1. Condition check: away from chain A (no Cβ under 14 Å), in contact with a strand residue (DSSP E or B) (Cβ under 7 Å, 6 or more places away or on another chain) and touching a residue at least 60 places away in the same chain (Cβ under 8 Å). Does B:I203 satisfy that?
2. Go through B:A213, B:A196, B:A205 for me and flag whichever is more than 21 Å from B:F98 (Cβ to Cβ) and open to solvent by less than 50 Å² (accessible area, probe 1.4 Å).
3. Can you tell me which residue among A:G96, A:G31, A:G81, A:G102 is more than 14 Å from chain B (Cβ to nearest Cβ), surrounded by 12 or more Cβ atoms within 10 Å (Cβ to Cβ) and either polar (S, T, N, Q) or at negative phi (or both)?
4. Go through region B:28-54 and give me each residue that's of a type in the set (S, T, Y), touching a Leu at 6+ places or on another chain (Cβ under 8 Å) and not in a strand (DSSP E or B).
5. Looking only at residues that are farther than 17 Å from B:L144 by Cα and within 8 Å of chain A (Cβ to nearest Cβ) in region B:93-112, which one is most open to solvent (accessible area, probe 1.4 Å)?
6. Of everything in region B:113-135, what is away from chain A (no Cβ under 11 Å), under 21 Å from B:P176 (Cβ atoms) and buried (at least 17 other Cβ atoms within 10 Å of the Cβ)? Give them in sequence order.
7. For residues that are among the β-branched types (V, I, T) and out of contact with any Phe, Trp or Tyr (no Cβ under 7 Å at 6 or more places or on another chain), tally how many sit in region B:191-236.
8. Please find, within region A:9-28, the residue that is surrounded by the fewest Cβ atoms within 10 Å (Cβ to Cβ) out of those that are more than 28 Å from A:V353 (Cα to Cα) and out of contact with any helix residue (DSSP H, G or I) (no Cβ under 8 Å at 6 or more places or on another chain).
Amino acid sequence: MFRWVNIQIALAHLTHRRRQTLVSVLGVSLGVGFFIAVSAMMQGSEQDLTDKLINSQPHVTIKDEFRNPSVQPLFQAYEEGALSLKGVKPRERLRGIKDYKGKVEQIEREENAIASAVLTGQVIVRYGGKDRSVSILGVDPDKEVELTTIEEDMIEGDMAALKTTSDGIVIGTGLSNRLQLQLGDLASVVSPTGLVVRMKIVGIFRAGNVLLDEGRAYVLLKDAQVLMNKPNIADQIRIRLPDPNMAIEIASKIEKRWTYRTESWQEVNEDFLSLFVVRNAILYSIVSAIMIVASFGIFNIISTVVMEKRRDIAILMSMGFRAYDIRQIFLLQGFALGIIGMLLGWAVGYGLVEALGSIKFELEGFYDDSRLPLDRGFYQYVIGAAFALIAAIVAAWIPAHRASQVRPVEIIRGAA
Amino acid sequence: MSGEAPRVVLETENVTRILPLTVPVTLVHGINFSVTAGEFVSITGPSGSGKSSLLYLLGLLDAPTEGRVIVEGQDTSLLDRDALAQFRLAHLGFVFQFHFLLPEFTILDNVTIPIKRLGALSEKEAKDRGMQLLEDLEIGDQALKHPDQLSGGQRQRVAIARALGNAPTLILADEPTGNLDTKNSDIVCDIFVRLAKEQGTTIIAVTHDVDFAEAADRNVHLVDGAIARDGAYQRP
């Protein structure tokens with residue numbers, strides 16, 4: 001419970017030392033402001049990266065490989081036996097996912113997801129005497145558009161044109177620049193089996209990722225099967241889920257059922273995601289350091305006030321103010337510094353975020369955006385405020401408690 | 001005074017205060033006396049005789065090592081720190097040698113702080129009462145100034161007004177004229193006499209000031225922490 005007279009005394013103490021009050025408030029507000037700005041950048045880029053990861057690639061990919069080599073029957077028979085087999089030759093196995101059409105249907109039905117069978121392979125695209133190695137994806141264009149953001153990345157032509165053009169191919173801007181390929185040009189595509197097919201450029205995309213833009217091309221699944229000489233074979237099933245956060249769970253479920261190696265987007269991008277954890281740890285330790293420095297400012301001003309006001313404290317106590325009232329008076333000062341610092345800090349933070357948002361960058365590569373990705377979320381303001389208030393109250397507590405332990409007799413006797 | 005026995009406001013029973021230092025120091029010992037309503041008592045004695053120590057014990061700012069202080073029938077040794085604070089707020093008023101006014105506040109605010117802390121009156125009523133007290137002490141025109149704009153005598157009158165805020169039954173004063181010139185000492189002395197006579201406020205004042213001690217109804221003279229004489233004042 002706050003007594004109005006205690007609030008009045010606390011405010012009087014603060015307003016009578018405006019410069020010191022201002023300095024300690026500035027400490028807090030800069031801490032809060034920088035936290036908001038840095039956090040907006042960190043969270044913004046994290047969000048941006050995650051969105052790019054989630055949207056630009058399937059959430060779950062089933063591959064035609066296995067995590068563990070198959071166990072020899074001998075070892076199955078004697079699980080505990082001290083056995084060793086020498087000269088085992090791996091079986092020549094036709095790669096590919098068995099009955100991919102059935103599996104696609106089953107996944108779509110069971111998980112309410114979009115699934116698409118894909119055949120991948122390496123080809124060489126040759127045009128005007130230059131050639132480049134490209135990994136092609138044989139896809140179903142209708143599904144691919146739903147699975148990834150490829151349609152948004154198209155700068156010329158579209159994916160649907162693959163269906164209407166015979167031997168159509170969609171390439172990235174990187175490849176189109178390197179080989180000076182334009183929409184409508186006919187390029188030679190050389191497959192590993194030696195087959196050469198003249199394919200027509202029906203679309204050009206820019207994913208904002210150099211690797212993809214220079215090294216990936218899309219064709220129809222059936223064209224890929226012809227190129228690779230793998231009729232009726234797909235080597236990946238790519239799945240987009242209604243909820244990307246379910247990816248790990250569903251991937252492990254599918255892997256258990258069919259034993260094909262099945263990767264979630266989190267597994268594929270594990271190193272990226274663990275980077276975020278480290279970044280956040282850095283962010284919060286820096287902000288904590290700023291707030292600790294700011295709270296020293298508050299501690300300093302309130303300690304000084306308590307030292308200088310010992311007589312006033314003594315007289316208030318002799319009048320009948322309790323230790324509780326005295327503690328409250330000084331805690332209120334810390335709280336007020338925290339609140340004012342917080343509000344100013346919000347303004348500083350908002351200003352910084354807007355200033356950062358107005359900066360234009362000319363960046364090539366992964367960040368294709370010309371502006372910093374910023375998260376203008378409200379919760380950073382809340383966390384910043386919590387930091388400020390906790391720091392202020394903790395810093396004020398020690399001198400406030402000391403003030404409440406003043407023994408009026410000692411001071412009044414000393415003054416007389 | 002009428003025939004019936006006057007009401008006892010303050011009573012001490014064998015009050016002793018020893019500072020627990022490595023060599024214990026006895027400040028006062030075996031103090032027995034009582035004060036009735038409307039009495040103006042001066043406490044005198046040589047330096048170091050325990051006058052101020054006794055006043056702090058009577059004012060419940062310090063607790064006796066032995067014995068009891070009974071104020072308004074309340075045995076104060078039974079009260080904890082917060083209850084003592086509340087008791088001081090409601091029943092006691094202090095005037096010290098130094099005015100101890102809060103420099104950040106106006107004269108009127110200084111007077112109303114204890115009234116507001118007690119919380120029996122509204123903000124407006126507290127202000128009116130503070131103003132009334134200042135006018136009674138003829139410093140109403142200074143109400144909106146700050147303490148550093150007033151003379152020493154005026155400040156001491158403000159301190160008295162502040163002590164009177166919650167209409168205490170007992171005023172405790174520690175050398176209230178110690179820092180004042182003769183003229184201002186006389187004014188303060190007259191105020192105390194008037195308070196005792198007209199409003200029945202009990203006053204206990206520690207003093208070195210001969211005229212002030214003489215103006216009181218009764219004098220308690222301390223020597224070496226014990227009462228040497230209790231009665232009419234005798235000039236040294």
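1. Values: away from chain A (no Cβ under 14 Å): yes; in contact with a strand residue (DSSP E or B) (Cβ under 7 Å, 6 or more places away or on another chain): yes; touching a residue at least 60 places away in the same chain (Cβ under 8 Å): yes.
Yes, satisfied.
2. Values: B:A213 fails: more than 21 Å from B:F98 (Cβ to Cβ); B:A205 fails: more than 21 Å from B:F98 (Cβ to Cβ).
So the residue among B:A213, B:A196, B:A205 that is more than 21 Å from B:F98 (Cβ to Cβ) and open to solvent by less than 50 Å² (accessible area, probe 1.4 Å) is B:A196.
3. Values: A:G96 fails: either polar (S, T, N, Q) or at negative phi (or both); A:G81 fails: surrounded by 12 or more Cβ atoms within 10 Å (Cβ to Cβ); A:G102 fails: surrounded by 12 or more Cβ atoms within 10 Å (Cβ to Cβ).
Going through A:G96, A:G31, A:G81, A:G102 in turn, just one is more than 14 Å from chain B (Cβ to nearest Cβ), surrounded by 12 or more Cβ atoms within 10 Å (Cβ to Cβ) and either polar (S, T, N, Q) or at negative phi (or both): A:G31.
4. Residues of region B:28-54 that are of a type in the set (S, T, Y), as a first pass: B:34, B:36, B:42, B:44, B:47, B:49, B:52-53.
Pick out the ones that are also touching a Leu at 6+ places or on another chain (Cβ under 8 Å) and you get B:34, B:44, B:49, B:53.
Residues satisfying the conditions are B:S49, B:S53.
5. B:F98
6. Once the filter is applied, which keeps residues that are away from chain A (no Cβ under 11 Å), under 21 Å from B:P176 (Cβ atoms) and buried (at least 17 other Cβ atoms within 10 Å of the Cβ), region B:113-135 yields B:G130, B:L133, B:L134.
7. First, the residues of region B:191-236 that are among the β-branched types (V, I, T): B:191, B:193, B:201-204, B:206-207, B:210, B:220, B:223, B:227.
Imposing the further condition that a residue be out of contact with any Phe, Trp or Tyr (no Cβ under 7 Å at 6 or more places or on another chain) reduces the set to B:191, B:201-202, B:204, B:206-207, B:210, B:223.
Adding up the residues that qualify gives 8.
8. A:R18
The values are calculated or read from the model by the stated rules, or taken from the named source; none is laboratory data. None of the values given here were measured: they were computed from a predicted structure. Here the Cβ is made from the backbone with ideal geometry for all residues, glycine too, and neighbour counts use every protein chain on show. Quick note on the areas: whole protein, heavy atoms, side chains included, nothing else; ligands and nucleic acids left out. Shrake-Rupley method; radii C 1.70, N 1.55, O 1.52, S 1.80 Å.
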